[in-house]
1. Within 13 Å, Cβ to Cβ, of Glu247, how many net charges do the neighbouring residues add up to if Lys/Arg are +1 and Asp/Glu are -1?
2. If you add up the charges near Val394, with Lys and Arg at +1 and Asp and Glu at -1, over every other residue whose beta carbon is less than 13 angstrom from its beta carbon, what do you get?
3. Please report the carbon-and-sulfur percent of the accessible area for the stretch 378-467; probe 1.4 Å, protein heavy atoms only, DNA, RNA and ligands left out.
4. Using a probe radius of 1.4 Å on heavy atoms only, what accessible surface per residue do you get for the stretch 354-410? Whole Å² is fine.
5. Computed FRET efficiency, Cβ-Cβ of Val363 and Arg339, R0 30 Å: what is it to the nearest 0.05?
6. Extent of the stretch 301-424 along each principal axis, from alpha carbon coordinates, in Å, largest to smallest?
7. How far apart, in nm, are two points set 7 Å out from the Cα along the Cα-to-Cβ line at Lys144 and at Asn196?
8. Calculate the FRET efficiency for Glu380 and Gln212 from the Cβ-Cβ distance with a Förster distance of 35 Å, rounded to the nearest 0.05.
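The values are calculated or read from the model by the stated rules, or taken from the named source; none is laboratory data. Keep in mind the model is a prediction, meaning the values are calculated, not measured. Cβ placement follows ideal geometry from the backbone for every residue including glycine, while neighbour counts extend to all protein chains displayed. Ligands, DNA and RNA are excluded from the accessible area calculation, which covers all protein heavy atoms including side chains. Shrake-Rupley method; radii C 1.70, N 1.55, O 1.52, S 1.80 Å.
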Amino acid sequence: MRKQAHADVYPDGRNADGCEKGAGAHAPAAPPPQAARPVTRRIFHGQPVGHTPQIMARSIRWTKPTTAGHSAAGDAQRRRRGQPGLDYLSYRSVWPLTLLALKSTACALAFTRTPGFHTPSEFLENPSQSSQLTAPFRKHVKPKKQHEIRRLGELVKKLSDLTGCTQVVDVGSGQGHLSRFMSLGLGLTVKSLEGNQRLVERAQRLDQELLQALDKMKRRHPKVAQRGPHHCPHHVVQWVSPTTLCEELLLPLEMPGQCSTRLLLTGLHACGDLSVALLRHFCCCPEVVALASVGCCYMKLSDPGSYPLSEWVAGLPSHELPYRLREGACHALEDYVERLQKAGPGLQTHCFRAALETVIRHVCPELRRPGVQGIPRVHELKIEEYVQRGLQRVGLDPQVSLDLAALQAHQAQENRVTAFFSLALLLAPLVETLILLDRLLYLQEQGFYAELLPIFNPQLSPRNLVLVATKTPLGQAFSALETEDS
């Protein structure tokens with residue numbers, strides 16, 4: 001018998017936020033009644049397998065801006081006098097209204113990324129130090145990561161207690177900040193897998209540094225220091241394939257007095273196919289009983305293979321997601337809205353990067369989608385200087401002859417490039433919703449229980465939806481996973 005998770009829709013058609021059905025996903029018909037349970041505010045969770053998830057939007061009306069009755073000559077005269085032309089005025093006045101309409105539609109279609117908890121910010125006293133982490137756990141950790149490891153670590157701890165897990169496997173752990181907090185801060189038994197030898201060696205050095213800091217704290221403040229012995233995470237250099245099972249991942253740590261192993265897999269922003277590998281290990285391995293995965297880098301997903309996973313999404317017409325859409329889904333909408341409001345010179349980065357792309361394709365047509373590391377202080381550079389630095393970063397000759405007139409023509413299109421990028425960014429939550437919905441339905445089609453919970457503050461961590469899955473029903477206990485600890 002297939003298992004069922006519930007959707008947060010009231011009988012009268014409102015969702016748990018009090019909005020009409022158009023504000024989010026809902027089931028087309030209520031399933032046969034089972035045990036009555038209260039509705040929570042969580043976003044679209046599973047529906048009975050076989051039902052068709054529907055995502056609807058409110059209709060938006062808008063009028064295309066027009067410049068009828070204004071002469072091009074008059075526009076040119078304004079520019080010569082140093083006044084903004086009509087193109088600029090139209091952009092500044094009409095564009096925000098268009099964005100507002102499109103944003104409303106996009107938000108209605110996408111999963112909500114607003115957490116269900118409402119607590120004072122942990123960074124009110126100091127923007128660089130979380131008030132809910134002790135000093136040793138904040139060292140070498142940026143504020144964004146402090147927030148992430150605390151929130152995900154606490155969720156993993158709760159999920160581990162609910163499912164009776166004996167060990168946690170942190171996959172793609174990088175420098176081991178999450179593993180370190182879960183083991184030395186929360187007392188969990190943790191194995192940490194990372195494919196980069198250099199990162200593993202650094203993680204081990206940070207473990208020892210933290211141990212010394214905790215021991216020093218214990219001697220100075222025996223009453224407030226953590227009680228009990230400290231156990232470092234067990235670090236392993238291991239690359240995890242998205243298509244084959246990893247024996248090292250499933251190999252339990254030898255613990256005295258432990259007769260059976262129940263594993264919980266987790267990954268904090270596991271890159272590309274790595275998130276998919278976690279799902280497949282959860283589905284195929286009986287010793288893995290729980291999963292808590294936060295994905296990212298959707299543009300690195302193998303196609304086909306890692307998307308689509310579910311039969312339902314694979315059956316949708318035009319379900320394909322090209323690289324450009326998946327790459328856009330990794331950008332931070334909240335941060336960009338703030339940049340648009342400030343209208344600072346940093347917005348010209350998009351125009352410069354677009355111009356650089358045209359030069360790269362002219363100089364080396366076979367080089368597609370090159371990763372250009374961030375170039376600092378772009379607003380202080382001329383466009384040709386930016387292009388030269390960008391060419392050097394992708395391994396091309398920075399002294400290649402440049403068409404300055406063409407570059408300046410590109411630069412003159414800055415407002416249009418910004419508008420295009422803004423439109424693409426408005427679609428980002430929709431693309432992420434489809435990718436995560438595909439993963440959720442994939443787990444449900446296998447007969448498991450799955451939830452999507454927004455656990456991070458999206459202003460700090462835009463990829464804030466964690467996919468939680470278990471092999472036994474948790475019922476209302478899922479609600480406790482996203483709550484904020486005091």
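1. Local net charge: -1.
2. So the environment of Val394 carries a net charge of +3.
3. Working: 1850 of 3700 Å².
The value for the stretch 378-467 is 50 percent carbon and sulfur by accessible area.
4. 64
5. Values: r = 30 Å, r/R0 = 1.00.
Rounded to the nearest 0.05, the efficiency is 0.50.
6. For the stretch 301-424, the Cα spread along each principal axis is 51, 37, 23 Å.
7. Once both label points are built, they end up 1.4 nm from each other.
8. Numbers: r = 42 Å, r/R0 = 1.21.
With a Förster radius of 35 Å, E is 0.25.
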